[in-house]
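Trainee: One structure is given below, represented as structure tokens, and several questions about it will come after.
Values quoted throughout were computed directly from the atomic coordinates according to the rules given, and no laboratory measurement underlies them. Quick caveat: nothing in here was measured; it's all calculated off a predicted structure. Methodologically, a virtual Cβ is constructed for each residue, glycine included, from the backbone with ideal geometry; neighbour enumeration extends over all protein chains shown.
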Amino acid sequence: MTAEPSDPMSRVLNAGLDLARAELEGSHLDEDEVRVLELCDDIGDVRGVALHEMQQANLEVITTVSRDMQAEEDIKAWEEEQSRRCPSGGQDVGRMINIDGMDDWKIECPTCGAMWWGGSTVLPEHDKPRG
Ligand SMILES: [Zn+2]
């Protein structure tokens, strides 16, 4: 339980806020409750506060759900990228193949056989050949 505010006005407005929440949720208020609610709404806009609260709560639910979906998408995209990518990317494992009679060479990836003209033996990030 949270501590009850001690000053009477806060307690009245809190009670009014409870009524405003109940009204928003579709509860039936009796005549006295409606009168208290009307009064508190005049003093402290409790209906506006309750409505704002509800909108905030809904907004939080929506953003949480979309954040979870986003994370799932990211993981899927990452897994897909990993499955397409050759694990030798960024590794210093490239095989240099000198080309006879030319001042040129090729680099071959020992894992997937991808080839590049020239460059260093540190392999660039590259997709595995399909199939
Ligand atoms: Zn490779």
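Trainee: Under a 10 Å cutoff between Cα atoms, tell me which one of Glu60, Glu31, Glu73 has the largest fluctuation in the Gaussian network model of the chain.
Mentor: Of the options given, Glu31 has the highest mean-square fluctuation.
Trainee: Okay, moving on. Computed over the Cα atoms of the chain, what is the ratio Rg over Rh, Rh following Kirkwood?
Mentor: Checking Rg against Rh, the ratio lands at 1.59.
Trainee: Calculate how steeply helix 46-84 sits against the longest principal axis of the alpha-carbon atoms of the chain, using the helix alpha-carbon long axis, and give the answer as 0 to 90 degrees to the nearest 10.
Mentor: Taking the Cα atoms of the chain, the angle to 46-84 is about 10 degrees.
Trainee: Another question about this same structure. Using 7 Å Cα-to-Cβ label points, what is the Asp7/Ile43 separation (nm, one decimal)?
Mentor: Label at Asp7, label at Ile43, 1.1 nm between them.
Trainee: Quick query: amide H of Arg85 versus all other amide H atoms, modeled in the peptide plane; which residues come in under 5 Å with a sequence gap of 5 or more or a different chain?
Mentor: Lys128
Trainee: Given an 8 Å cut-off on Cα distances and at least 6 residues of separation, report the relative contact order of the chain as a percent.
Mentor: So the answer I get is 16 percent.
Trainee: So which trypsin sites (Lys or Arg not before Pro) in the stretch 80-131 pass both tests, a DSSP loop state and at most 16 other Cβ atoms within 10 Å of the Cβ?
Mentor: Working: sites: Arg84, Arg85, Arg95, Lys106, Arg130; in loops: Arg130.
Those satisfying the criteria are Arg130.
Trainee: In degrees from 0 to 90, rounded to the nearest 10, what is the angle of the helix 31-44 Cα long axis to the longest principal axis of the chain?
Mentor: The two axes meet at around 60 degrees.
Trainee: While we're on this one: Apply the Karplus curve 6.51 cos²θ - 1.76 cosθ + 1.60, θ = phi - 60°, to the phi angles in the stretch 8-17 and return the couplings in whole Hz, x for Gly and Pro.
Mentor: These are the phi-based 3J(HN,Hα) values: x, 5, 4, 5, 4, 5, 5, 4, x, 5 Hz.
Trainee: Looking at the stretch 4-61, I'd like the Rg to Rh ratio, where Rg is from alpha-carbon atoms and Rh is Kirkwood's inverse mean 1/r.
Mentor: Rg divided by Rh gives 1.00.
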